[in-house]
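Let me begin by presenting the structure, written as structure tokens, before commenting on it.
The values are calculated or read from the model by the stated rules, or taken from the named source; none is laboratory data. Because the structure is a prediction, the values reported are computed rather than measured. In this analysis, Cβ positions are derived from the backbone assuming ideal geometry, glycine residues included, and neighbour counts consider all displayed protein chains.
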């Protein structure tokens, strides 16, 4: 019940049903609705506070905080966002972040990667190339991008890569619905791998940008087909 309260109130907030500045329903009302005690409800509220969604003060109650104060990369907040917004809008928002982070990370990886790092990236690519289905492509594709983040040897970038894994997974699931996903995806990833292995930062940056531009085109193609059905 505790988890259900957190999830339902969290979704209400990130979906916009409860807007920044709105107060959560009164404790007595929520306790009655969920059939829980005040301590259980307050513990659920503390979770929302910890995720940056709610500010709770005596005599003020629990108030939804401004969006720019939310812990957007928190796995729960990210999941609630994914399930609450249009997938095209989410993909566009994520792609902006990926265009800022991934090309720079690929360039840094080309400069900093050890032979072990390059082997890990190459192994992920090889598993991608042998994936029998688009669904089987997901895990090695995620590992490919995580391995690049690790190869930067920058703790903050590695953390960002870890926190973006769920969002990246949803992005890959969307583009993998393209009928030619395997044939289209492999050469783009191979270009990134080759540039990193050749210690070519400019080439790695460019290859990453090309991959992201084509991912956008693939997603738009998929979404257009869905809307036309």
Could you tell me whether the range 67-88 includes any residue that is in contact with a strand residue (DSSP E or B) (Cβ under 9 Å, 6 or more places away or on another chain) and either free of Cβ contacts under 8 Å to residues at least 24 places away in the same chain or in the same structural domain as residue 171 (by TED's automatic domain parsing) (or both)?
yes
May I ask you to verify whether residue 106 is assigned to a helix (DSSP H, G or I) and modelled with pLDDT of 90 or more?
yes
Among the residues of the range 109-131, how many are over 21 Å from the mean Cα position of the chain (by Cα), modelled with pLDDT of 95 or more and either part of a helix (DSSP H, G or I) or farther than 19 Å from residue 151 by Cα (or both)?
13
Being outside the structural domain of residue 178 (by TED's automatic domain parsing) and either under 21 Å from residue 173 (Cβ atoms) or touching a helix residue (DSSP H, G or I) at 6+ places or on another chain (Cβ under 8 Å) (or both) narrows it down to one of 53, 137, so name that one.
53
